[in-house]
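Below: one structure, written as structure tokens.
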Amino acid sequence: MDENALKQLVKDSVREVLREERLKLCQVLLPFVSDKEMQEIQEKLGSPSDYDKSEFVNMTDWVKDGNRPQ
């Protein structure tokens with residue numbers, strides 16, 4: 001294996017580990033919500049389908065890749 005291939009392999013491995021750890025951190029930081037609490041939240045705020053899509057920001061890429069949404 002040449003030096004550049006090894007560097008690329010290490011980079012990819014580190015990125016993968018960082019992505020996994022960032023997702024674990026997100027899971028840890030999200031508080032547990034009981035079924036009763038979730039029902040109260042839905043009664044008070046409604047469902048996401050009750051809102052216009054323009055009111056939401058898709059955070060998927062930010063969570064996956066660390067790129068902040070525009």
Just tell me which lysines come within less than 22 Å, Cα to Cα, of Lys53; anything on the same chain fewer than 8 places away is out. Lys44, Lys64
Quick one: Karplus J couplings for the stretch 32-39, per residue in order, coefficients 6.51, -1.76, 1.60, θ = phi - 60°, nearest Hz, x for Gly and Pro? 6, 10, 6, 4, 5, 4, 5, 5
Please report the carbon-and-sulfur percent of the accessible area for the chain; probe 1.4 Å, protein heavy atoms only, DNA, RNA and ligands left out. 56
Please list 3J(HN,Hα) in residue order for the stretch 13-25, calculated via the Karplus relation 6.51 cos²θ - 1.76 cosθ + 1.60 where θ = phi - 60°; whole Hz, with x for glycine and proline. 5, 5, 4, 4, 5, 4, 4, 4, 5, 5, 5, 4, 4
Counting only protein heavy atoms and leaving out ligands, DNA and RNA, the solvent-accessible surface of Val33 at a 1.4 Å probe, in Å² to the nearest 10, equals 60
Mind checking the per residue accessible area of the chain for me, 1.4 Å probe, whole number of Å²? 98
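The values are calculated or read from the model by the stated rules, or taken from the named source; none is laboratory data. Predicted model, so just to flag it, every value in this text is computed and none were measured. All accessible areas refer to the heavy atoms of the entire protein, side chains included, with ligands and DNA or RNA removed. Shrake-Rupley method; radii C 1.70, N 1.55, O 1.52, S 1.80 Å.
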